[in-house]
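Here's the structure we're looking at; comments come further down.
The values are calculated or read from the model by the stated rules, or taken from the named source; none is laboratory data. All figures in this text were calculated on a predicted structure; none of them were measured in a lab. Here Cβ is always computed from backbone atoms with ideal geometry, including for glycine, and neighbour counts include all displayed protein chains. Surface areas here come from the heavy atoms of the whole protein model, side chains and all, with no ligands, DNA or RNA. Shrake-Rupley method; radii C 1.70, N 1.55, O 1.52, S 1.80 Å.
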Amino acid sequence: MTNASAPLFDRVAIIGIGLIGSSLARAVKEYGLARSVVGSDRSEAVCAKALELGFLDAATPDLGEVVAAADLVVLCVPVGACAEVAERMAPHLRAGAIVSDVGSVKMAVLRDVSPHLPEGVHIVPGHPVAGTEHSGPEAGFATLFQGRWCILTPPPGAPEAVVEKVAELWRRCGSKLEIMEPAHHDRVLAITSHLPHLIAYTIVGTASDLEEDTKSEVIKFSAGGFRDFTRIAASDPIMWRDVFLNNREAVLEILQRFTEDLTALQRAIRWGEGDTLQETFTKTRAIRRGIIDAKQA
Ligand code: NAP
């Protein structure tokens, strides 16, 4: 049992001080989860901003300096940047350090980061299923993870005590924990998160291609459902580019099923099959109720 008020780590290093990195740093600091929390961002200006905002004890673009004394290093960069960051920081990691991440795809992170890690450094990939459509160090807040799921996907053979330490960090950030196989994670998230984002990007893209007079009406009457899609479609383009490039198989598989279901609805509309439409919409309403009951609304 860990003492619930004692720091879990000596020094936590956050790599990538954006929305998720800065939220985690704020939570680590506010809830006293480490004796110190340091950060690295490739941008000097972002490091300076983080220090000014006061949620890091030190920040520099020098990756090696930041990870050298850390017993936990958390990669908070887009999934596609993990390999390069891991390669650059690896020679500086201290023996016994734990490396984790927050990426929205898990197979690719494990594949790209693990080969760079030296003997004696453990990897416990993670994904806090929490976020907003905003980016950067000013967008973060300590309570982002409260009541939200965090999924860990440790590789086979990861020591239980190491996984538990990372799990406890997220619990103390207010998250609910789930351990999953990385491939299962990627399939589940393809339907719950990646496909909805793709649909939102498509709908908003279609609207933006409309002729000017229709487009202004779309904005005027956006409360009729479209507004919610515009919020999702405002999410970070680099992050989402990397999600689709790195979860290709699972997304394509779910997209194929979605396309078939959409075609079935299209057919029902064409042939006036009201029963089919009503049946589908009744089934989906029950899913919304389930989400509300699970307090994930
Ligand atoms: P963000 O606010 O845009 O921050 C991204 C950070 O990564 C920035 O510090 C950025 O540096 C850095 N970065 C970008 N490209 C890089 C590269 N090639 N090399 C090194 N650093 C690079 O994004 P975020 O929302 O925090 O997302 C970070 C991670 O969290 C992603 O892997 C994403 O999948 C995951 N995630 C996001 C959400 C969400 O809703 N946003 C939810 C759960 C998980 P600069 O300051 O120089 O741009």
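At least 1 residues being closer than 25 Å to LEU24 by Cα, of a type outside the set (D, E, K, R) and within 14 Å of the chain's Cα centre (by Cα) is the threshold, and among the strands (runs of 3 or more DSSP E) wholly inside region 125-239 those reaching it are 126-128, 149-152. Checking the stated criteria, SER193 turns out not to satisfy the condition of being touching a Gly at 6+ places or on another chain (Cβ under 6 Å), open to solvent by 20 Å² or more (accessible area, probe 1.4 Å), in contact (Cβ under 8 Å) with a residue 24 or more places away in the chain and under 30 Å from ILE292 (Cα atoms). Contact annotation: residue pairs with Cβ atoms under 7 Å, 6 or more positions apart or on different chains, pairing a residue in region 220-236 that is of a type outside the set (A, V, I, L, M, F, W, C) with a partner that is open to solvent by less than 40 Å² (accessible area, probe 1.4 Å) and within 16 Å of the ligand (Cβ to nearest atom), are SER235/HIS197.
Yes or no, residue by residue, for (1) basic (Lys, Arg); (2) within 8 Å of the ligand (Cβ to nearest atom); (3) outside any loop (DSSP other than H, G, I, E, B):
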| site | (1), (2), (3) |
| --- | --- |
| VAL46 | no, yes, yes |
| LEU51 | no, no, yes |
| LEU56 | no, no, no |
| PRO61 | no, no, no |
| GLY64 | no, no, yes |
| ALA70 | no, no, no |
| VAL74 | no, no, yes |
| VAL77 | no, yes, no |
| GLU84 | no, yes, yes |
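Of all residues in region 240-263, none satisfies the criterion of being open to solvent by 50 Å² or more (accessible area, probe 1.4 Å) and not in a helix (DSSP H, G or I).
Quick one: is GLY96 in contact (Cβ under 8 Å) with a residue 24 or more places away in the chain, in a loop (DSSP other than H, G, I, E, B) and open to solvent by 10 Å² or more (accessible area, probe 1.4 Å)? Yes: the conditions hold for GLY96.
Within region 264-275, the residues that satisfy the criterion of being part of a helix (DSSP H, G or I) and either open to solvent by 60 Å² or more (accessible area, probe 1.4 Å) or in contact with a strand residue (DSSP E or B) (Cβ under 6 Å, 6 or more places away or on another chain) (or both) are GLN266, ARG267, ILE269, ARG270, ASP275. The criterion of being touching a residue at least 24 places away in the same chain (Cβ under 8 Å), out of contact with any Cys (no Cβ under 6 Å at 6 or more places or on another chain) and small (Gly, Ala, Ser) holds for ALA142.
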